[in-house]
Amino acid sequence: MELSTRYTPAEFEAGIYTEWLATGGFSPKVAPPAEKTYTIMIPPPNVTGVLHMGHALNGTIQDIVIRHRRMNGFTALWVPGTDHAGIATQAVVEKQLFEKEKKTRNDLGRDAFLARVWEWKEQHGSYILEQFRRLGSSCDWSRTRFTMEPMMTAAVRESFVRLWEKGLIYRGPRMVNWDFKLGTAVSDDEIENESRKDKLYELRYPVKDSPGEFITVATTRPETMLGDTGVAVNPKDERYGHLVGKSLLLPLVRERRDGYHFDDLVNPIAVSAEIPVIADESVELGFGTGAVKVTPGHDPADYERGKRHGLLIVSLYEKDGRLNANAGEFAGIAREKAREAICKRLDELGLLGKVEDYVHNVPISDRSKSVIEPIVSEQWFVKMEPLAKPAIAAVKNGSLKFRPERWTKVYLDWLENVHDWCISRQLWWGHQIPVWYDEDNVPVASRTDLAIGSMHPVTKKPIVRQDPDVLDTWASSWLWPFATLGWPEKTPDLARFYPTQFLSTAREIIYLWVARMVMAGYEFMDHLPMEQRIPFTTCNVHATVLDGKGRRMSKSAGNGIDPIEMIDKYGADAVRYSLILLTKEGQDVKLSPDRFDQGYRFSNKVWNAARFVLLNMSGAQIVDPTSKEGRAQTRLEDRWILSRLARVRTEVSAKLDAYLFNDAATALYQFVWNDFCDWYVEIVKGRMSSKEDPSGPVARGTLARVLSDSLALLHPFTPYVTEVLWKSLNETLSRKLPMLMNHVWPDGAGLEIDARAESEMQSIQDLVHAVRQVRNLTSAGERQPLVAKIAAPVKAERDVLLAHAATVKALAALETCEIAEKTARPKNSAVAVAGGIEVFVTLAENVDLGKLKDVLARRADKVRQGIAGIDAKLGNAAFVERADPEVVEGEKVRRAELVVELQLLERNLSDA
RNA sequence: GGGCGAUUAGCUCAGUUGGUUAGAGCGCUACGUUGACAUCGUAGAGGUCGAUGGUUCGAGUCCAUUAUCGCCCACCA
């Protein structure tokens, strides 16, 4: 196949992906009994999602791992899928419904609305997975899962019923976070605190039977005063000691409100407007007025205070966010407007004190971005403490490792302080809670649907309804590692691929998802021995991708970079490689679009290096440099590049085994660009010039070997370009090898580290570099052929140079090159010094001697500096005494070398 | 209030267990199109490693304090 001179990924990426799929795709083959499996479950993106840079990075990481393990003989499975994302998806469809038809979900009714959501999901739900495909992800598409498919429903019900049977699920009125915009409860983990500038209002509550006496409280939410059922002060606070136990007259409030006692949250009782002053340690002495209004119905801290002191709970809101009858004259007002109205009334009564600017944290719903109100509501909960125990043990006994390790602490902190999990959501899109009630409202959980009218298995009374609420999205996602494999059925997949080995995810969902999956693994995979229940053994927490200015990329800020746009422009390989080169483990990365250039240039470099190799292969004889006859024909540069290859192969393998992607990618970058392209290819060009050159065949063999192994080593990082070049290489060499994706990882056969070749090559590189420095001193446009006389007094070095004079000549662009033990400096010659070797370069009469002196002087300065540094050390008795003898010896050797070089430099400086 | 991360060249970042003259990519300067690649090559300039103190023969690296920025957790109304 002819390769065009330009690397144009758009020409082949789609075709290569099709070929991958045509050869069986990425479904793991059934391997021999002793198969080693390697499984990754994709963190299922929301069906509403669009690929962003975080996904692109994480997709790349997972694909690198799975491709590397696949090439290493593992039966490798990467399961893709999406999450139904209850709230997010319902919100999208509701919004669309309203924009297009001006209807709400209630206008349609539950079934019709859900049909709309499914329709939407079918149309848009796989978009993000297609984007993952563009990235080159080698997922097993035949196993694509969705958290709302029937298989998952079975798993969700099984898990719910099991927890129910163990008594870990309970229902009751509790303080929950209410999102009025979405009309549902949300869990603590779905809210974020936003620092906002608000007002702090002081309110005055008259003391009963003590005219003119007030207690002043401060609040950021004055409207909640209508629900106050007490005022708390610190027991040590002398200002208020005499008032504890007395009553206050709550302003604006009717004589009676409807409320509840903590012991009975079902039957309402009358609540007086006379509220007690209580003493509670939780009130901070030095803060504010020292008195806190207590609203057990609408503040989590007050809920606890109220519970401790037997206060009553008054709820103020209707489900639509307007104030209810308890608000008296303010009933029916939307909660945002109530604040103003209430303050106005209090002011008229002279009961509004200071109003000051105040910065504080306001809880915001992750999904709707609306302000969360704590309310008391009846919800389903999961008891978390028993589930957390094995998940805590898992990291403590080393079964689960986080990378970077520091996330272990984050995970542990959450688990050790875990709260019960509110799992019910007042939504329609999601797994409906598998609980049915009889006519007495007695609930029962069931794996299968209980028909209306059928018999309640416990009470034997007729079933009258199913719980209308749905489960939190994470109540299905936490089953992902095994439900995707068929659990609760005992499927062959489950037996083969569970537990998985690697989970890579974003840090935001360590609590929401990672910790819960670990809990679920231990809880539900109880048919396995303890050590095999863990859902994954390594949890990689990838970098957060920030914009060029260090801000989070977000849709609302409009500072995101669309990976698909970048793939269109630079190619998927360039996007992948750039991301990996830029992200050192979990370290955040600032990304601007032009950063993808690096990956693009690298891919282009690989492309053109391959072109060079292939152009020189056809019709020529090729000898394998690792064969017996080939070995005898190799030259220094062949042995050198093969030694470098041996090193890089070992290094990349080790780094990938350790999930150090950036290190592996950097090592390959340097090997391919610097060692192979800059040096080896340049040196070997001379041997390619004629087909008759006797050193040609083994050079061709070396080129082929290095390219072949390089492509394989690079394949996990840049799968497309390596696959297409692999194909060409195979055609050119008439090799019958499988696609690179299914090829074996290079085993290093016949390669060895050749320290001697490396050190000899180093001398040549130093020398060439020194001559090039001189060459660059000549003025523009007047380059003349250079003649060099090289004085190399040390025999070993001289022999190497003599053997490779042609190489030096070619790389340093010399006309002729004489090498001797010593040689006199010709007139008007420039001089270069490399270690103990002098190179006199003549016929460069337009050399700028001033510049030359500068170069030599600067170099001499550096060498002197080096010597001085070493002398300082060696002159220090403590150093000689205490430092490692090897280090001391090394310094001495180094000093001797530097002294030789300095002598040469000084002599030539004075001659110049 | 607690915890974590970052601070190294103009920019974006490496620097593994403390040990040669602290590196890379981009950008910049000069030069160069020899048939893999100008999406390239050659050479060069550019850094008292945030600050202070300490440990050590020796600190970008370890310890303490501190400054600035960012993230997470937390019921100060």
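Of everything in region A:86-140, what is assigned to a helix (DSSP H, G or I), of a type in the set (S, T, N, Q) and buried (at least 16 other Cβ atoms within 10 Å of the Cβ)? Give them in sequence order.
A:89, A:90, A:131
Test residue A:319 against the stated conditions and say whether it is outside any helix (DSSP H, G or I) and of a type in the set (D, E, K, R).
Yes.
Identify, by number, the condition in (1) at positive phi; (2) near RNA strand B (Cβ under 10 Å from one of its atoms) that residue A:615 doesn't meet.
So the condition that residue A:615 fails would be (1).
Regarding region A:513-524, can at least one residue be identified that is in contact (Cβ under 8 Å) with a residue 12 or more places away in the chain and more than 35 Å from the chain's Cα centre (by Cα)?
No, region A:513-524 has no match at all.
Of A:777, A:729, A:767, A:740, which residue is within 16 Å of RNA strand B (Cβ to nearest atom) and at pLDDT 95 or above?
Of A:777, A:729, A:767, A:740, the one residue that is within 16 Å of RNA strand B (Cβ to nearest atom) and at pLDDT 95 or above is A:729.
Which of the residues belonging to region A:479-519 are aromatic (Phe, Trp, Tyr) and open to solvent by 10 Å² or more (accessible area, probe 1.4 Å)?
A:498, A:511
Looking at A:801, A:843, A:856, can you tell me which residue is at pLDDT 85 or above and surrounded by 15 or more Cβ atoms within 10 Å (Cβ to Cβ)?
Only one candidate qualifies: A:801.
Looking only at region A:446-477, filter to residues that are of a type in the set (A, V, I, L, M, F, W, C) and assigned to a loop (DSSP other than H, G, I, E, B); which one of those is nearest to residue A:155 (Cα to Cα)?
Taking the candidates together, the pick is A:450.
For region A:22-36, state whether one or more residues are outside any helix (DSSP H, G or I) and within 13 Å of the chain's Cα centre (by Cα).
Scanning region A:22-36, I find no residue that is outside any helix (DSSP H, G or I) and within 13 Å of the chain's Cα centre (by Cα), so the answer is no.
How about region A:265-290: which of its residues are open to solvent by less than 10 Å² (accessible area, probe 1.4 Å), part of a strand (DSSP E or B) and under 16 Å from residue A:207 (Cβ atoms)?
A:275, A:277
Name the pairs whose Cβ atoms lie under 6 Å apart, with the first residue in region A:582-607 and under 18 Å from residue A:64 (Cβ atoms) and of a type in the set (Ser, Thr, Tyr), the second within 6 Å of RNA strand B (Cβ to nearest atom) and part of a loop (DSSP other than H, G, I, E, B), and 6 or more positions between them or separate chains?
A:603/A:7
Could you say which residue among A:196, A:171, A:157, A:162 is more than 16 Å from RNA strand B (Cβ to nearest atom), touching a His at 6+ places or on another chain (Cβ under 9 Å) and either in a loop (DSSP other than H, G, I, E, B) or of a type in the set (D, E, K, R) (or both)?
So the residue among A:196, A:171, A:157, A:162 that is more than 16 Å from RNA strand B (Cβ to nearest atom), touching a His at 6+ places or on another chain (Cβ under 9 Å) and either in a loop (DSSP other than H, G, I, E, B) or of a type in the set (D, E, K, R) (or both) is A:157.
Select from region A:291-316 the residues that are open to solvent by 20 Å² or more (accessible area, probe 1.4 Å), outside any helix (DSSP H, G or I) and aliphatic (A, V, I, L, M) and list them in ascending order.
A:292, A:312
Give the number of residues within region A:540-568 that are without any contact (Cβ under 8 Å) to a residue 60 or more places away in the chain, surrounded by fewer than 16 Cβ atoms within 10 Å (Cβ to Cβ) and either outside any loop (DSSP other than H, G, I, E, B) or within 12 Å of RNA strand B (Cβ to nearest atom) (or both).
Within region A:540-568, residues that are without any contact (Cβ under 8 Å) to a residue 60 or more places away in the chain, surrounded by fewer than 16 Cβ atoms within 10 Å (Cβ to Cβ) and either outside any loop (DSSP other than H, G, I, E, B) or within 12 Å of RNA strand B (Cβ to nearest atom) (or both) number 8.
Kindly check whether there is at least one residue in region A:374-382 that is in contact with a helix residue (DSSP H, G or I) (Cβ under 9 Å, 6 or more places away or on another chain) and without any contact (Cβ under 8 Å) to a residue 24 or more places away in the chain.
Among the residues of region A:374-382, not one is in contact with a helix residue (DSSP H, G or I) (Cβ under 9 Å, 6 or more places away or on another chain) and without any contact (Cβ under 8 Å) to a residue 24 or more places away in the chain, which makes the answer no.
Does residue A:323 meet the test of being more than 30 Å from residue A:239 (Cα to Cα), more than 42 Å from the chain's Cα centre (by Cα), within 16 Å of RNA strand B (Cβ to nearest atom) and surrounded by 13 or more Cβ atoms within 10 Å (Cβ to Cβ)?
no
Every residue, every condition in (1) of a type in the set (Ser, Thr, Tyr); (2) open to solvent by less than 20 Å² (accessible area, probe 1.4 Å), yes or no:
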site	(1), (2)
A:719	no, yes
A:726	no, yes
A:737	no, no
A:744	no, no
A:759	yes, no
A:763	yes, no
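Kindly provide the set of residues from region A:254-264 that are part of a strand (DSSP E or B) and open to solvent by less than 40 Å² (accessible area, probe 1.4 Å), ordered by number.
A:257, A:259
For region A:640-689, how many residues are out of contact with any Gly (no Cβ under 9 Å at 6 or more places or on another chain), open to solvent by less than 40 Å² (accessible area, probe 1.4 Å) and not β-branched (Val, Ile, Thr)?
18
Out of the residues in region A:395-413 that are under 22 Å from the mean Cα position of the chain (by Cα) and part of a helix (DSSP H, G or I), state the one that is farthest from RNA strand B (Cβ to nearest atom).
Only one residue fits best here, namely A:395.
Note down all Cβ pairs under 6 Å where the first residue falls in region A:281-302 and is in contact (Cβ under 8 Å) with a residue 60 or more places away in the chain, the second is among the acidic types (Asp, Glu) and more than 6 Å from RNA strand B (Cβ to nearest atom), and they're at least six residues apart or on different chains.
Between residues of region A:281-302 that are in contact (Cβ under 8 Å) with a residue 60 or more places away in the chain and residues that are among the acidic types (Asp, Glu) and more than 6 Å from RNA strand B (Cβ to nearest atom), the close pairs are A:293/A:228; A:294/A:302; A:295/A:228; A:295/A:302; A:296/A:302.
Each row is one residue, and each column tells you yes or no for (1) open to solvent by 70 Å² or more (accessible area, probe 1.4 Å); (2) near RNA strand B (Cβ under 8 Å from one of its atoms).
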site	(1), (2)
A:851	yes, no
A:880	no, no
A:885	yes, no
A:889	yes, no
A:893	yes, no
A:901	no, yes
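When you scan region A:686-726, how many residues do you find that are charged (D, E, K, R), in a helix (DSSP H, G or I) and either within 12 Å of RNA strand B (Cβ to nearest atom) or at positive phi (or both)?
Looking only at that region, the number is 1.
Of the residues A:162, A:171, A:221, A:157, which is in contact (Cβ under 8 Å) with a residue 24 or more places away in the chain, touching a helix residue (DSSP H, G or I) at 6+ places or on another chain (Cβ under 8 Å) and over 19 Å from residue A:293 (Cβ atoms)?
Just a single option satisfies the conditions, and that option is A:162.
Could you please find all residues in region A:590-604 being within 8 Å of RNA strand B (Cβ to nearest atom) and surrounded by fewer than 17 Cβ atoms within 10 Å (Cβ to Cβ)?
Correct list: A:590, A:592, A:594, A:597, A:598, A:601.
Limited to region A:414-427, what total is found for residues that are of a type outside the set (S, T, N, Q), part of a loop (DSSP other than H, G, I, E, B) and open to solvent by 40 Å² or more (accessible area, probe 1.4 Å)?
2
Hey, can you tell me all the residues within region A:544-562 that are of a type outside the set (Gly, Ala, Ser), within 26 Å of residue A:664 (Cα to Cα) and either modelled with pLDDT under 90 or within 15 Å of the chain's Cα centre (by Cα) (or both)?
Those that are of a type outside the set (Gly, Ala, Ser), within 26 Å of residue A:664 (Cα to Cα) and either modelled with pLDDT under 90 or within 15 Å of the chain's Cα centre (by Cα) (or both): A:544, A:545, A:546, A:547.
Any residue that is open to solvent by 40 Å² or more (accessible area, probe 1.4 Å), in contact with a Cys (Cβ under 8 Å, 6 or more places away or on another chain) and not hydroxyl-bearing (Ser, Thr, Tyr) - is there at least one of those in region A:364-378?
no
The values are calculated or read from the model by the stated rules, or taken from the named source; none is laboratory data. The shown structure was predicted, so the numbers you read here are calculated from the model rather than taken from an experiment. Counting neighbours? That spans all protein chains shown, and the Cβs are built from the backbone with ideal geometry, glycine included. The area values use the complete protein model at the heavy-atom level, side chains included, leaving out ligands, DNA and RNA. Shrake-Rupley method; radii C 1.70, N 1.55, O 1.52, S 1.80 Å.
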